[in-house]
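Beneath this line is the structure, given in structure tokens, with notes to follow.
The values are calculated or read from the model by the stated rules, or taken from the named source; none is laboratory data. Since the structure is predicted, the reported quantities are computational estimates derived from the model, not experimental observations. Reconstructed Cβ throughout: ideal geometry from the backbone, glycine too, with neighbour counts over all protein chains shown.
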Amino acid sequence: MHKKILLFSAFALLCFNVSAQKQKFDVQGKAGARGIMPENTIEGMLKALDLGVTTLEMDAVISKDKMVVLSQEPYFNNEISLQPNGKPISLKDQKKFNIYKMDYEEVKKFDVGSKVHDRFPGQMKFKAYKPLLTETIDAVEAYVKEHKLAKPVYSIETKTIKNGDNEFHPEPAEFVDLIMEIINAKKLAKRVIIESFDMRTLQYLHEKYPKVQTSLLIDEKEPFETYIEKLGFKPTIYSPYSVLVGKGLVDRCHAMGIKIIPWTVNTVKEVKYFKDLGVDGIITDFPNIMGQLDK
């Protein structure tokens, strides 16, 4: 009997290891498919789904009338934005176009899809607006149902800036509650990750919504253990700037039961390198490169 138990235990462990190894590599489309479509647009999200992403990464800000809006910054970035009258926005003036000071009806009048993006010159161009999180989710869920695609995970970044509370965005608790009100209404809590560079966001989320997945974004070279100690709990995902990722960091994350997903990985060579390191996924501006891996 004892030998049978040992054999069963060994078999169960083997099955667990095989299952763990077969867990799907998480391909996250940055702001949809930012390298080829205007960022944080519904059209970009749907294109990312066509390209097979497993997670739609998107950025959230808050308007004056407390609507959750998709945007990389809490203002209209000069790189991608045209005013309602068609005029460009200068770098020095961009923060004057503060979304937190505008009702959503005003936000929607700006064009964020027509201007040529200097960093992504191959991006498809068309007139586009910053959509609401609610309409984005509705469009995505309808699209995957119609086209019989796998339901994606939504990784939503709270876009806060240093000393921006009550000027460019609400304080972390209100910010998170506004997002989670939508997520719970849509019954999507099991398919959502809240990500942030701002630890306060994740700490509040962990306290009030402990079952929701979290991702700690990292862009500076400090020890992994220091970040986890500062955060005060183990996030679901540790998501560093890709140049900070080596085999040692991958191993330390996995030893603590934390997934590691670097950003932003934009070439086939880089994808292969990070997959070989054992990362759990990547965030990429160009989800179309995944189709080139076996070529």
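For this structure, a couple of remarks:
- Single residue of Ile183, Ile194 found to be closer than 17 Å to Gln28 by Cα, out of contact with any Lys or Arg (no Cβ under 7 Å at 6 or more places or on another chain) and either among the β-branched types (Val, Ile, Thr) or part of a helix (DSSP H, G or I) (or both): Ile194
- Lys269 meets the conditions (1) modelled with pLDDT of 95 or more; (2) touching a strand residue (DSSP E or B) at 6+ places or on another chain (Cβ under 7 Å) in every case but one. The failed one is (2).
- Meets criteria (within 14 Å of the chain's Cα centre (by Cα), modelled with pLDDT of 95 or more and within 28 Å of Ser63 (Cβ to Cβ)) for Gln213: yes
- Residue check, Lys66 at pLDDT below 95, part of a loop (DSSP other than H, G, I, E, B) and charged (D, E, K, R): no
- The single condition from (1) under 21 Å from Tyr104 (Cβ atoms); (2) free of Cβ contacts under 8 Å to residues at least 40 places away in the same chain that Tyr204 fails is (1).
- Evaluation of Ala173 against the conditions (1) among the small types (Gly, Ala, Ser); (2) assigned to a strand (DSSP E or B); (3) farther than 23 Å from Val27 by Cβ shows that the sole unmet condition is (2).
- Residue match in the stretch 286-293 (condition: in contact with a strand residue (DSSP E or B) (Cβ under 8 Å, 6 or more places away or on another chain) and modelled with pLDDT of 95 or more): yes
- All of Ile137, Ile99, Ile89 fail the test of being crowded, with 19+ Cβ neighbours inside 10 Å and free of Cβ contacts under 8 Å to residues at least 24 places away in the same chain, apart from Ile89.
- Helices (runs of 4 or more DSSP H) contained entirely in the stretch 197-295, each with at least 3 residues that are surrounded by 13 or more Cβ atoms within 10 Å (Cβ to Cβ) and in contact with a helix residue (DSSP H, G or I) (Cβ under 7 Å, 6 or more places away or on another chain): 199-208, 247-255, 268-277
- Options Val212, Val192, Val245, Val176: the member that is over 28 Å from Tyr75 (Cβ atoms) and either touching a residue at least 12 places away in the same chain (Cβ under 8 Å) or touching a strand residue (DSSP E or B) at 6+ places or on another chain (Cβ under 7 Å) (or both): Val245
- Residue within the stretch 38-46 that is more than 19 Å from the chain's Cα centre (by Cα), over 23 Å from Glu181 (Cβ atoms) and either in a loop (DSSP other than H, G, I, E, B) or among the aromatic types (Phe, Trp, Tyr) (or both) present: no
- Taking residues in the stretch 103-128 that are of a type in the set (D, E, K, R), and partners anywhere that are not in a loop (DSSP other than H, G, I, E, B), the pairs with Cβ atoms closer than 6 Å and at least 6 places apart or on different chains are Asp111/Leu82; Lys115/Leu82; Lys127/Asp111.
- Of all residues in the stretch 151-164, none satisfies being surrounded by fewer than 18 Cβ atoms within 10 Å (Cβ to Cβ), at pLDDT 95 or above, more than 21 Å from Ala31 (Cβ to Cβ) and of a type in the set (D, E, K, R).
- Qualifying residues in the stretch 178-196 (those that are under 19 Å from Gly281 (Cα atoms) and not acidic (Asp, Glu)) - the one surrounded by the most Cβ atoms within 10 Å (Cβ to Cβ): Ile194
- Of the residues Lys130, Lys148, the single one that is under 19 Å from the mean Cα position of the chain (by Cα), assigned to a loop (DSSP other than H, G, I, E, B) and either modelled with pLDDT of 95 or more or surrounded by 18 or more Cβ atoms within 10 Å (Cβ to Cβ) (or both) is Lys130.
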